[in-house]
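Here, each number is a calculation from the coordinates, and none is a lab measurement. All values reported here derive from a predicted model rather than from experimental measurement.
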């Protein structure tokens with residue numbers, strides 16, 4: 001990992017601490033994305049009403065976007 005970090009520092013000029021923060025942000029974003037997909041799948045598979053599905057989908061999406069912004 002240190003070789004990659006040094007290479008990124010040389011090419012882009014991004015310091016090691018900022019690289020760590022960017023990587024952590026990326027990992028958290030990916031985790032939230034997959035959690036949103038899983039929750040939507042589990043929640044919507046038993047709902048037949050289209051309007052209710054839409055409302056739950058929007059609610060879960062807005063909540064995941066809110067978590068991402070935190």
Worksheet entry | Using alpha-carbon coordinates, inclination of helix 50-69 to the longest axis of the chain, degrees | 20 degrees
Item to complete: As a check on your grasp of the helix formula, calculate [θ] at 222 nm for the chain: sum -39500 (n - 2.57) over DSSP H runs of n ≥ 4, divide by the residue count, round to the nearest 500.
Response: -29500 deg cm²/dmol
Worksheet item: What base-10 log of the normalised intensity I(q)/I(0) is obtained for segment 25-70 from the Debye formula, alpha carbons as equal point scatterers, at q = 0.34 Å⁻¹?
Response: -1.20
Worksheet item: Relative to the longest principal Cα axis of the chain, at what angle does helix 2-12 sit, 0 to 90 degrees, rounded to 10?
Response: 90 degrees
